[in-house]
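Report on the following structure.
The values are calculated or read from the model by the stated rules, or taken from the named source; none is laboratory data. Values in this document were obtained by computation on a predicted structure and should not be read as measured data. Ideal geometry is used to build each Cβ from the backbone, glycine not excepted, and the neighbour counts take in all protein chains shown.
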Amino acid sequence: MVIGKYCLLCPGVRISAGCEIVIGDSVMMAQGAFITDSDWHGVYDRSLSVGESIPVHIGRNVWIGDSAIVTKGVAIGENSIIGAGAVVVRRYVQARMSIGCRKSGRRCPGTGSGPAP
């Protein structure tokens, strides 16, 4: 696990790494955020010690909201915002907002106009 410089991890943040989690500089994680790169057990055979692990990469200056969950295999681009309660299960491009359980389709203020490609 690698945590960059000047990161803010509020009380209750959980980071569980089975293989690799990389967190960029100046990332902020609100209370209760959960980052994991693994299932931690098999779906059918729960005796498996870790299950499938896929690295997680969080870019510079990302904000992760209260009780948000970032799951295995996710890459979040720099300057992105993950809203409170969001469940992130796929890759997000730079300067994207994810609110709740769906993508907002809007760019973060000051990073360009219109939806990202």
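Things worth noting here:
- Selection of the range 27-37 for residues being buried (at least 16 other Cβ atoms within 10 Å of the Cβ) and either out of contact with any Cys (no Cβ under 7 Å at 6 or more places or on another chain) or more than 19 Å from ARG91 (Cβ to Cβ) (or both) yields MET28, ALA30, GLY32, ALA33, PHE34, ILE35, THR36.
- Scanning the range 1-38 for residues being part of a loop (DSSP other than H, G, I, E, B) and polar (S, T, N, Q) gives a total of 2.
- Set side by side, the residues ILE64, ILE21, ILE54 differ, and just one is of a type in the set (Val, Ile, Thr), out of contact with any Asp or Glu (no Cβ under 7 Å at 6 or more places or on another chain) and closer than 17 Å to VAL88 by Cβ, which is ILE64.
- Subset of the range 41-61 that is surrounded by 17 or more Cβ atoms within 10 Å (Cβ to Cβ) and modelled with pLDDT of 95 or more - its residue that is farthest from SER80 (Cα to Cα): VAL56
- Only one of the listed residues (GLY114, GLY85) is among the small types (Gly, Ala, Ser), in a loop (DSSP other than H, G, I, E, B) and either touching a Gly at 6+ places or on another chain (Cβ under 7 Å) or at pLDDT 95 or above (or both). That residue is GLY85.
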